[in-house]
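Student: Dumping the structure here so I can ask a few things about it.
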Amino acid sequence: MKREIIKIDEDKCNGCGLCIPACPEGALQIIDGKARLVSDLMCDGLGACIGDCPEGAIDIEVREAEPYNETAVMAEIVKHGFNTVVAHLKHLKEHGEMDFLMEALGFLKEQNDLPFTIEEVQEKVHQRSEPEACTGGCPGSATVVFDIDTDAVNSAGETTPGVNGSDLPSALRHWPVQMHLINPNAAYFHNADVLLAADCVAFSLGNFHGKYLKGKSLTIACPKLDSGTEVYVQKLTSLIDDAKINTLHVMMMEVPCCGGLVQMAKMAVANASRNIPIKKTIVGIRGDILSEEWV
């Protein structure tokens, strides 16, 4: 198959070895004084090693290569201990590779002789990437419930032709909405239908409030740029089990990095004691709906 994979310019490579620790998958080794890609299976093609090469000898190319194999990578990584495992999981998370992250965690769960637990791994990854939270009554995270004009929202429908944007009513019922800031125990989540939207969705859809947001409790996230996204899975799990939400509607953009959002939702359902339906809507970058389905 053709895919993105690391390419090393041997003329530029001076064998310094700085790229080796930057590749938690163990795909690179110094052989005969040069960095070498030792296995296509181990290279995910995401380029974590590129920034650590002082000679600019590493690049990404598209060529025929064996498919990346997360299970094979994990079998090798666990041999190098706890810190390497954590570095690899963090690498997957930061690049939005939620399918591979789930596969890696599944591999760890099946191991009976590890000198550490999967809970210790997850906690360490969380600690290393958790952003600083504002404390002491930060206005950005203070819970507020809005008294909205439901009739006005309903009458606006999807989009009202000829009406200025400032005259269209908002269907937002509460604050905050960003996933790091929400409290899953807030009253407006209890027994609610929850909309989990990628950050860009509302900017792409002119009828977002009238058609998709009205009557729902909202939370937003970006699986590509947000850090500490494992906390999102924990909060979604809490919404399912503690707030007892009825449904979860995931709205994501068509770009590949958005796929992590629905994977987070699936992970939360898998971790929860309750089972709820998940609806997935994919929005095109030009504001059209490309697909809708229950998953």
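Student: Of all residues being at pLDDT below 90 and surrounded by fewer than 18 Cβ atoms within 10 Å (Cβ to Cβ) in the range 256-285, which is nearest to the chain's Cα centre (by Cα)? Just the residue, please.
Tutor: Filtering first and then ranking leaves 257.
Student: Under the condition of being outside any strand (DSSP E or B) and in contact with a Cys (Cβ under 9 Å, 6 or more places away or on another chain), which residue from the range 22-43 is nearest to residue 69 (Cα to Cα)?
Tutor: 42
Student: Follow-up. Condition test on residue 207, is it at pLDDT 95 or above, surrounded by fewer than 21 Cβ atoms within 10 Å (Cβ to Cβ), of a type outside the set (A, V, I, L, M, F, W, C) and in the same structural domain as residue 284 (by TED's automatic domain parsing)?
Tutor: Against the criterion (at pLDDT 95 or above, surrounded by fewer than 21 Cβ atoms within 10 Å (Cβ to Cβ), of a type outside the set (A, V, I, L, M, F, W, C) and in the same structural domain as residue 284 (by TED's automatic domain parsing)), residue 207 does not qualify.
Student: Still on this structure: Identify the residue in the range 4-19 that is under 12 Å from residue 53 (Cα atoms) and touching a Gly at 6+ places or on another chain (Cβ under 9 Å) and, among all such residues, is surrounded by the most Cβ atoms within 10 Å (Cβ to Cβ).
Tutor: 13
Student: Another question, then. Could you tell me which of the residues 74, 1 is free of Cβ contacts under 8 Å to residues at least 40 places away in the same chain and either within 27 Å of residue 256 (Cα to Cα) or surrounded by 19 or more Cβ atoms within 10 Å (Cβ to Cβ) (or both)?
Tutor: On inspection, the qualifying residue turns out to be 74.
Student: Also, I was wondering about something else. Name the single residue that is farthest from residue 93 (Cα to Cα) among those in the range 260-294 being assigned to a loop (DSSP other than H, G, I, E, B) and without any contact (Cβ under 8 Å) to a residue 40 or more places away in the chain.
Tutor: For the range 260-294, the residue satisfying everything is 288.
Student: Among (1) touching a His at 6+ places or on another chain (Cβ under 9 Å); (2) surrounded by 14 or more Cβ atoms within 10 Å (Cβ to Cβ), there is one condition residue 244 misses while meeting the rest; what is its number?
Tutor: Unmet condition: (2).
Student: Something else: Give me the residue from the range 70-117 that is touching a helix residue (DSSP H, G or I) at 6+ places or on another chain (Cβ under 8 Å) and in a loop (DSSP other than H, G, I, E, B) and, out of that set, modelled with the lowest pLDDT.
Tutor: 96
Student: How many of the residues making up the range 1-56 are in contact with a Phe, Trp or Tyr (Cβ under 9 Å, 6 or more places away or on another chain) and of a type outside the set (A, V, I, L, M)?
Tutor: Here the count works out to 6.
Student: For the range 225-259, which residues satisfy the criterion of being closer than 17 Å to residue 94 by Cα and either assigned to a loop (DSSP other than H, G, I, E, B) or assigned by TED's automatic domain parsing to the domain that holds residue 91 (or both)?
Tutor: Listed by number, the residues that qualify are 225, 226, 227, 228, 229, 255.
The values are calculated or read from the model by the stated rules, or taken from the named source; none is laboratory data. Note that the coordinates shown come from a computational prediction; the quantities given were computed from them, not determined experimentally. Virtual Cβ from ideal backbone geometry, glycine too; neighbours counted across all protein chains shown.
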